[in-house]
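**Student:** Take a look at the following structure, please.
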Amino acid sequence: MNLRDLRYLVAVAEHRHFGRAARACYVSQPTLSTQLKKLEEYLEVQLVERNRRRVLLTPLGERLAERARGILSAVDDMVEVARAQAEPMTGDVRLGVIPTVGPYLLPHVIPDLAQTFPRLRLHLREDLTQRLLDQLRAGSLDGAILASPIGGDDLVSAPLCHEPFYLAVPRGHALDHPEPVHTSDLQQTELMLLEEGHCLREQALELCRRNDVGEAAAFRATSLETLRQMVAAGVGVTLLPALAAGASRHGPDRGAISLRPFAEPVPSRDLALYWRAGTAREPTFRELVERMCTAPVLQNPTETLPAA
């Protein structure tokens, strides 16, 4: 048994398909299948149930695949410890980001990071918070940009920015006025929200619960861009974080949307970069945070927006 065989087992557990698992491991499907069969013979157990339509792991296969993930993560971390000791800003870093941040932050920071750290290769993955956390804790991601706080002492974080929310309303709406919006003004309004799984949805629902505000249950969006377009079409109103709100000021339908600031206490969220406690990549992440925080979009995400 060797580390290569464990990587094959983990790939099959993740992809549930020999072909896709083989491509992920950069080997042929017969090679991967043969090595897994040898691993089963060595352990004298069945790890995989094979049929023409799909691949399933046996209960024992699932347990061993989970242990293999931990072993591979520890081995990869040993390699990173050695590399990071000498050159922390080199090599591959797998970074996750939530969808309500990625489109509005990454285009502003990635070009600068690539120019400043040319030997650092960022592999980016956009996904919902819980899936990113699962991948981070399993070792398939090295770090993730998330809305804080995140529970658990197995993760470490460094703050990126404080992001207030804005109310996005169609031009001419009753709430399209020059004064800051009070949350109590929303009591006769239903907010359009994102679908289940987005942390921003939970934050918006908390505001709704505290202020007796309803949700427009007939429509749930998969992205902030969809919500913005619905507001521009006059369908309803929604909340936009400052980064997304700032981007919408430059959109093609910007004249159809009014972004209204909130009066105190302003609804908001905090963004942070998270990584596993004890990872050898901690110096890398702290340097990345320091560099990202110099970007104008994070230094003042509300710079182009109306002040409260």
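Every number in this text was worked out from the coordinates using simple rules, so none of it is lab data. This structure is a prediction, so every number in the text was calculated from the model and none was measured. Cβ placement follows ideal geometry from the backbone for every residue including glycine, while neighbour counts extend to all protein chains displayed.
**Student:** Taking amide H atoms as placed 1.01 Å from N in the peptide plane, list the residues 5 or more away in sequence, or in a different chain, whose amide H sits under 5 Å from that of Val48.
**Tutor:** Under 5 Å from the amide H of Val48: Thr58.
**Student:** Could you tell me what percent of the DSSP beta bridges with both partners in the chain are antiparallel, to the nearest 5?
**Tutor:** 60 percent
**Student:** Provide the net charge surrounding Tyr42, with neighbours chosen by a C-beta distance below 14 Å and charges set as Lys +1, Arg +1, Asp -1, Glu -1.
**Tutor:** With Lys, Arg at +1 and Asp, Glu at -1, the net is -1.
**Student:** Would you mind checking which residues have amide H under 5 Å from Ser268's amide H? H placed 1.01 Å from N; only 5 or more apart, or other chain.
**Tutor:** Placed amide hydrogens put Phe165 under 5 Å from Ser268.
**Student:** If R0 is 41 Å, what FRET efficiency do you get for Asp153 and Ser28 from their C-beta distance, rounded to 0.05?
**Tutor:** With a Förster radius of 41 Å, E is 0.45.
**Student:** Starting at the first residue of the range 128-141, write each ³J(HN,Hα) from the Karplus equation 6.51 cos²θ - 1.76 cosθ + 1.60 with θ = phi - 60°, in whole Hz, x for Gly and Pro.
**Tutor:** Couplings: 6, 3, 5, 5, 5, 5, 4, 5, 5, 6, 7, x, 7, 10 Hz.
**Student:** At 7 Å along Cα-to-Cβ for each site, give me the label-to-label distance between Arg125 and Ala218 in nm.
**Tutor:** Each label point is offset 7 Å from its Cα along the Cβ direction, giving 3.9 nm.
**Student:** Which listed residue (Thr284, Leu193, Leu122) has the Cα farthest towards the positive end of the charge dipole for the chain, taking +1 on Lys and Arg C-beta and -1 on Asp and Glu C-beta about the Cα centre?
**Tutor:** Of the options given, the answer is Leu122.
**Student:** Between Ala277 and Glu66, what is the spin-label point distance in nm, taking each point 7 Å from the Cα along the Cα→C-beta axis?
**Tutor:** Computed distance between label sites Ala277 and Glu66 equals 2.1 nm.
**Student:** In 10 Å bins starting at 0, how do the alpha-carbon pair distances of the chain split up by percent?
**Tutor:** 6, 23, 26, 21, 15, 8, 2, 0
**Student:** Find, among the trypsin sites (Lys or Arg not before Pro) in the range 51-143, those assigned to loop by DSSP (not H, G, I, E, B) with at most 14 other beta-carbon atoms within 10 angstrom.
**Tutor:** Listed in order of number, the matching sites are Arg52, Arg53, Arg54, Arg119.
**Student:** Counting only the backbone N, which residues of the range 116-135 are under 20 Å from the spot 7 Å out from the Cα of Thr226 toward its beta-carbon?
**Tutor:** So the set is 126-132.
**Student:** If you don't mind, there's one more thing I want to ask. Of the beta bridges DSSP finds with both residues in the range 1-126, what % are antiparallel, to the nearest 5?
**Tutor:** Once the DSSP bridges in the range 1-126 are tallied, antiparallel ones form about 30 percent.
**Student:** Applying 1/(1 + (r/R0)^6) with R0 = 51 Å to the Cβ-Cβ distance of Gln187 and Ala114, what FRET efficiency is obtained, to the nearest 0.05?
**Tutor:** 0.60
**Student:** Assuming 0.36 nm per residue, please report the length gained on full extension of the stretch Leu207 to Ala295 beyond their Cα-Cα distance.
**Tutor:** 28.7 nm
**Student:** Can you tell me the order of 155-163, 238-246 when each peptide is scored by its average per-residue count of other Cβ atoms within 10 angstrom, highest first?
**Tutor:** For the peptides 155-163, 238-246, the packing ranking is 238-246, 155-163.
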